[in-house]
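Encoded as structure tokens, the structure appears first; notes follow it.
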């Protein structure tokens, strides 16, 4: 009897063990990207968890990338820890359907949820999908191809897609919001597996990703600007500032209806920036508006993200940037000519970056990033065009830069190479130097020295620079940067954000250098009696063109003489013809008929 009871107890123990560790399978929908095809698909992944020795395998695809297999291993290990079991007592067999090959680790979060729920003997809902890498701590990591994945998930009828959390205000968050609104599928940001499970099983309410451009700059409490500009025309800068506000508003208003909430937010922000400008901080307001334009441009041009449309957009803006030609330099317009050359070069650099991004792109994310870059290019070149327009109407005496400017630009270019040669400011300084735009090269170097070299400044140097703001006022741009330093200082005082004080010093140092450079330029101008030749045309080419015009004039004169002679001849022939027609009709009768007519008359 005791033996029988022992056998029954043993059987019962093993039965319970079989229930607790027996095989269990579950499945999940996971998005993937067909690389170099700019297309996404939604695949089905299953996991079968069985008693075993800790093996992890992936079946289905002909080729499985090592990073994908490592993600599966990490998923199984973390899931075991999360549930509280020993992973070496189980085998995890993943099967991926509808894929000939699998590359990349972005299925890590999906495989982790599969392993967790299988170990808990639970099933996952079928109305969602998830993408993201996984690490040993159960944290979600960055992904690629979200544009194509979200599009595929929307077409497949998914209710939402779980994505890794990204920094607030980053391009990745902008991209999240863009695809969420465009494909009408909520994107839910999570930082780890626990958060993802909360959304999946309804313990946490779904909250779609948001993209916030709102910021309170205390515009109403700003003191009126009080630095007086020397040797400049502020009204022209007001024209440039208003131009910026207008083209930003135009871009925002042109955004699609799917971005209506963001449009309203952007327009409100632009109004706030106009208030800042009205207080006299012209550049500060225009600069903030400029950043809004670049954001709006990306949303505005995201409706048809294909390689063909992206290439066309990049090509059009690139051609526009290279087509701009600065007007001749005068003693009154030099800040706008040189400043325009600088911004045109920035636009060219961003156009080159956009082209590189297109060439390297493997998913539609890369196409959107290229559009984002070309939006910055468009903004800089539009600003350059307006500055050239202002310069053309400024008048003044034609001038040329002194050879000392080239020497100073050479020295400055060598100095900023210490901060890196891949930066925007170094590249634009180098490009302008090679083009012979030594003033613009000098300006670009000033930006590099202020924003990169300022980090090593002592507290005494920073205090000295800030205490002399009102002296950095030779020229409209230095004055506006000095005022921007005041703007940041006010913000730091009102918000307690010390990073604004650092920004204030950087732009104050830029104002100091540009004010000094403008004084040097103005004091060393070489004045010319006549306007210089149009850019890009040499004197020999002008002479050749003049000779061609003279030859054409001679040919036209000869042709005119021939045509005149022909007209005279035709006129004479016409007169003879008319005279013959007007002769009396009787005179045309035959002689014998005329005699008979006379006899009959008698």
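Quick look at the numbers
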quantity: Only one of 363, 306, 313 that is within 28 Å of residue 212 (Cα to Cα) and touching a strand residue (DSSP E or B) at 6+ places or on another chain (Cβ under 7 Å); calculated: 363
quantity: Members of segment 388-415 found to be touching a residue at least 24 places away in the same chain (Cβ under 8 Å) and farther than 16 Å from residue 342 by Cα, listed by number; calculated: 392, 394, 395, 396, 397, 398, 399, 400, 402, 404, 408, 415
quantity: Members of segment 445-464 found to be modelled with pLDDT of 95 or more and more than 23 Å from residue 237 (Cβ to Cβ), listed by number; calculated: 448, 449
quantity: Residue match in segment 226-233 (condition: modelled with pLDDT under 95, surrounded by 15 or more Cβ atoms within 10 Å (Cβ to Cβ) and closer than 29 Å to residue 367 by Cα); calculated: no
quantity: Residue 153 more than 30 Å from residue 375 (Cβ to Cβ) and over 25 Å from the mean Cα position of the chain (by Cα); calculated: no
quantity: Test for residue 203: is it closer than 18 Å to residue 484 by Cα, touching a helix residue (DSSP H, G or I) at 6+ places or on another chain (Cβ under 9 Å) and either modelled with pLDDT under 95 or surrounded by 13 or more Cβ atoms within 10 Å (Cβ to Cβ) (or both); calculated: no
quantity: Boolean, residue 530 is in a loop (DSSP other than H, G, I, E, B) and either in contact (Cβ under 8 Å) with a residue 60 or more places away in the chain or within 28 Å of the chain's Cα centre (by Cα) (or both); calculated: yes
quantity: Single residue of 278, 269 found to be closer than 20 Å to residue 220 by Cβ and buried (at least 18 other Cβ atoms within 10 Å of the Cβ); calculated: 269
quantity: Qualifying residue in segment 72-81 (condition: within 35 Å of the chain's Cα centre (by Cα), assigned to a helix (DSSP H, G or I) and surrounded by fewer than 22 Cβ atoms within 10 Å (Cβ to Cβ)); calculated: no
quantity: Any hit, segment 429-439, residues being surrounded by 19 or more Cβ atoms within 10 Å (Cβ to Cβ), under 19 Å from residue 506 (Cα atoms), modelled with pLDDT of 95 or more and in contact with a helix residue (DSSP H, G or I) (Cβ under 8 Å, 6 or more places away or on another chain); calculated: yes
quantity: Residues that are touching a strand residue (DSSP E or B) at 6+ places or on another chain (Cβ under 6 Å) and at positive phi, drawn from segment 91-142; calculated: 98, 121, 132, 138
quantity: Residues of segment 156-173 that turn out to be crowded, with 19+ Cβ neighbours inside 10 Å, out of contact with any strand residue (DSSP E or B) (no Cβ under 7 Å at 6 or more places or on another chain) and either closer than 20 Å to residue 29 by Cα or in contact (Cβ under 8 Å) with a residue 60 or more places away in the chain (or both), as a count; calculated: 0
quantity: Any hit, segment 272-279, residues being assigned to a helix (DSSP H, G or I), in contact (Cβ under 8 Å) with a residue 40 or more places away in the chain and out of contact with any helix residue (DSSP H, G or I) (no Cβ under 6 Å at 6 or more places or on another chain); calculated: no
quantity: Members of segment 243-256 that are closer than 26 Å to residue 176 by Cα and at pLDDT 95 or above; calculated: 247, 248, 249, 250, 251, 252, 253, 254, 255
quantity: Those residues of segment 332-341 which are touching a helix residue (DSSP H, G or I) at 6+ places or on another chain (Cβ under 7 Å) and more than 14 Å from residue 434 (Cβ to Cβ), in sequence order; calculated: 333, 334, 335, 336, 337, 338, 339, 340
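Residues are listed down the side, and each one gets a yes or a no for (1) buried (at least 24 other Cβ atoms within 10 Å of the Cβ); (2) assigned to a helix (DSSP H, G or I); (3) over 15 Å from the mean Cα position of the chain (by Cα):
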site	(1), (2), (3)
320	no, yes, yes
336	yes, yes, yes
347	yes, yes, no
351	yes, yes, no
358	no, yes, no
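The values are calculated or read from the model by the stated rules, or taken from the named source; none is laboratory data. In this text the structure is predicted, and so the values were computed from the model without any measurement. Don't worry about glycine lacking a Cβ; one is built from the backbone with ideal geometry, like all the others, and counts go over all protein chains shown.
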